[in-house]
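The values are calculated or read from the model by the stated rules, or taken from the named source; none is laboratory data. Remember, it's a predicted structure, so these values are computed and weren't measured experimentally. Backbone-built Cβ (ideal geometry, glycine too); neighbour counts: all protein chains shown.
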Amino acid sequence: MMSHRIYNFSAGPAILPEAVLEEAAQGVREINGSGMSLLEVSHRGKDYEAIHADAEQRLLRVLGLSADDYVPLFLQGGASGQFAQLPLNFLSAGQHAEYIIGGDWGAKALKEGKNLGDVREIASSKADKYAYIPKQFTVSPDARYVHITTNNTIEGTEYFDLPNVGDVPLVADCSSDFTAIQRDNSKFAMIYAGAQKNAGPAGVTIVAARKSFLDTARTDIPAIWAYKTHRDANSLYNTPPTFAIYVVGLVLKWIEAEGGQAVIEKRNKEKAAILYNALDELSSFYEPAVTAKEDRSLMNVTWRLRNADLEAEFLAEAKAAKLDGLKGHRSVGGFRASIYNAFPVAGVQTLADLLRDFAQRKG
Ligand code: PLP
């Protein structure tokens with residue numbers, strides 16, 4: 001580990017692979033012997049265009065999607081922008097979309113959709129504090145799309161089996177488990193993700209959309225918000241976030257060099273198991289926030305101390321052990337360890353050791 005580094009459990013922006021950070025720093029100094037920093041080159045110039053095209057190709061390759069059927073897009077506005085852009089593009093008068101709500105971000109997507117069209121909740125675990133992924137629902141065959149959040153960053157739940165929505169296009173916010181587990185991504189009509197968790201720095205929103213679904217998007221909306229504008233311009237309609245896209249390309253390259261999504265998923269499962277095992281062993285002292293074990297997120301492990309008075313002390317000890325970013329989201333409290341793709345197993349082990357040691361001393 002670079003000597004100054006701490007174990008950064010932040011939910012996002014979040015830890016990135018050190019190899020990526022080093023290569024990105026080189027790109028900031030100078031790109032391709034051009035005598036310019038990547039931050040200075042034109043998005044219409046050949047140096048940037050090569051980086052852009054490479055990132056697009058890698059994106060589809062890592063996701064296992066064919067360029068014949070899917071389009072990669074690099075957009076702005078974050079995943080929150082997609083909460084609006086999606087219904088804006090796909091809902092016209094007389095049409096509706098259906099949302100399955102497993103957490104706070106899904107609820108936000110629903111709320112934004114309602115501002116723009118006929119958007120309906122068909123299942124929610126809100127009444128149980130989003131402690132599981134809702135699995136009971138009925139999809140109307142005439143729904144324009146069904147929306148899910150594959151990983152609920154705040155609450156710590158994740159989809160391991162995608163819902164069966166029949167022939168209705170399935171759209172997913174994959175912000176917090178993008179590339180973290182292997183899925184048959186061709187089951188999605190569209191996925192989107194803010195990059196700042198598993199995919200790179202803040203500032204770019206990643207989209208992969210099935211061409212046949214995108215063909216049905218509206219064009220009678222402002223050009224900047226129309227998916228087709230960006231599709232037709234290869235995400236170069238206006239100035240894209242060049243540096244963020246460059247780093248996303250480096251992260252995708254890193255995933256491929258590590259052995260692809262299968263290797264990443266295996267590691268993620270091992271890391272999550274280290275923490276869940278510790279929490280389960282010490283369940284008289286700690287309380288995992290997710291009651292449905294089969295839905296426990298590999299990315300965001302959430303728990304509380306049964307004696308909440310000890311929270312500040314736990315955080316202080318964690319900080320002293322160079323474990324940072326463990327405070328739970330302000331809306332739910334408790335603790336959250338975000339252990340994205342780049343998070344090292346040694347950091348997870350250090351946290352598990354602290355969980356055991358702290359419980360032994362204070363329990
Ligand atoms: N969706 C999920 C699942 C998230 O975790 C987040 C951010 O944490 C968002 C949406 C919002 O993303 P952004 O800040 O890119 O708008």
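Below is a table of values for the structure above.
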| item | result |
| --- | --- |
| Top-ranked residue in the stretch 10-28 [being outside any helix (DSSP H, G or I) and touching a helix residue (DSSP H, G or I) at 6+ places or on another chain (Cβ under 8 Å); ranked as nearest to the ligand (Cβ to nearest atom)] | 16 |
| Cross-chain or 6+ apart pairs with Cβ under 8 Å, the stretch 112-129 first and closer than 15 Å to residue 89 by Cβ, then of a type in the set (Asp, Glu) and modelled with pLDDT of 95 or more | 119/98 |
| Residues within the stretch 163-174 that are within 16 Å of the ligand (Cβ to nearest atom), among the aliphatic types (A, V, I, L, M) and in a loop (DSSP other than H, G, I, E, B), tallied | 0 |
| Which listed residue, of 92, 124, is over 22 Å from the mean Cα position of the chain (by Cα), over 30 Å from residue 54 (Cβ atoms) and modelled with pLDDT of 95 or more | 92 |
| Complete set of residues in the stretch 103-125 that are within 16 Å of the ligand (Cβ to nearest atom) and surrounded by fewer than 15 Cβ atoms within 10 Å (Cβ to Cβ) | 111, 115 |
| The stretch 305-363 - residue that is aromatic (Phe, Trp, Tyr) and part of a loop (DSSP other than H, G, I, E, B) and, of those, surrounded by the fewest Cβ atoms within 10 Å (Cβ to Cβ) | 343 |
| Residue, farthest from residue 343 (Cα to Cα), within the stretch 175-188, restricted to residues that are touching a strand residue (DSSP E or B) at 6+ places or on another chain (Cβ under 6 Å) and either of a type in the set (A, V, I, L, M) or within 12 Å of the ligand (Cβ to nearest atom) (or both) | 175 |
| Single unsatisfied condition, residue 283 versus (1) part of a loop (DSSP other than H, G, I, E, B); (2) farther than 26 Å from residue 170 by Cα; (3) in contact with a strand residue (DSSP E or B) (Cβ under 6 Å, 6 or more places away or on another chain) | (3) |
| Some residue of the stretch 69-92 being in a loop (DSSP other than H, G, I, E, B), within 16 Å of the ligand (Cβ to nearest atom) and surrounded by fewer than 17 Cβ atoms within 10 Å (Cβ to Cβ) | yes |
| Residues of the stretch 1-57 that turn out to be under 17 Å from residue 323 (Cα atoms), among the hydroxyl-bearing types (Ser, Thr, Tyr) and exposed (fewer than 13 other Cβ atoms within 10 Å of the Cβ), as a count | 1 |
| Residue tally, condition in a loop (DSSP other than H, G, I, E, B) and out of contact with any helix residue (DSSP H, G or I) (no Cβ under 7 Å at 6 or more places or on another chain), over the stretch 33-53 | 5 |
| Failed item, numbered, when residue 134 is tested on (1) more than 12 Å from the ligand (Cβ to nearest atom); (2) outside any loop (DSSP other than H, G, I, E, B) | (2) |
| Subset of the stretch 145-161 (residues that are of a type in the set (A, V, I, L, M, F, W, C), part of a loop (DSSP other than H, G, I, E, B) and within 11 Å of the ligand (Cβ to nearest atom)) | 154 |
| Selected residue (criterion: farthest from residue 227 (Cα to Cα)) from residues of the stretch 169-194 that are of a type in the set (S, T, N, Q) and surrounded by fewer than 22 Cβ atoms within 10 Å (Cβ to Cβ) | 182 |
| Enumerated helices (runs of 4 or more DSSP H) restricted to the stretch 192-278, each holding at least 1 residues that are farther than 19 Å from residue 77 by Cβ | 211-214, 242-258 |
| Tally, over the stretch 287-304, of residues that are outside any strand (DSSP E or B), touching a residue at least 24 places away in the same chain (Cβ under 8 Å) and not aliphatic (A, V, I, L, M) | 4 |
| Enumeration of residues in the stretch 130-144 that are under 22 Å from residue 185 (Cβ atoms) and touching a residue at least 60 places away in the same chain (Cβ under 8 Å) | 133 |
